[in-house]
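Okay, so here's the structure we're looking at.
The values are calculated or read from the model by the stated rules, or taken from the named source; none is laboratory data. Everything quoted here is computed from the prediction, not taken from an experiment. For accessibility, only protein heavy atoms count, side chains too; no ligands or nucleic acids. Shrake-Rupley method; radii C 1.70, N 1.55, O 1.52, S 1.80 Å.
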Amino acid sequence: MNINKLIPDIAGSIMSGLDDLFTSDEERLKAHNKTLETLNQPHILQALTTLEEAKHPSIFVSGWRPGLGWLCVGLLTYAWVLRDLIIIGLSLANRPDVVKMLPTIDTSQLITLVLTLLGLGGIRTMEKMKGVARQR
């Protein structure tokens, strides 16, 4: 069961029941906005946590996210480019036995991780494009 889908479904059911109690469009809009605010609260807290981690002077606190990103980039580069070049080089060197020893990487998990790491940045980009991003 996907909790990310379940919570909005429950909130929608509650809101539809609450809609019957409210009489004006303004009250419905306020209730809807409050629900959205409540559903977005975990994302806001995660973003604030990420910002605080990035400010930390210790590389073990502030550097893990970029380190993980660079690790993913390196592994994807190996899986998509370098491995094939190594195979070509080994084939030209008449060493097909070594080709069997080259590791393969499950890039689907790496892509999921990269997209997760980039997700917050993508949301921020959309805010800027729509003109709703707050300026500091």
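Data table
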item: Per-residue ³J(HN,Hα) for the stretch 97-105, Karplus 6.51 cos²θ - 1.76 cosθ + 1.60, θ = phi - 60°, Hz, x for Gly and Pro; result: 5, 6, 4, 5, 8, 5, x, 10, 10
item: By accessible area with a 1.4 Å probe, ligands and nucleic acids excluded, highest first: order of S58, S108; result: S108, S58
item: Length added when fully stretched, E27-A47, from 0.36 nm per residue minus Cα-Cα; result: 4.2 nm
item: L76, L118, ranked by accessible area, largest first (probe 1.4 Å); result: L118, L76
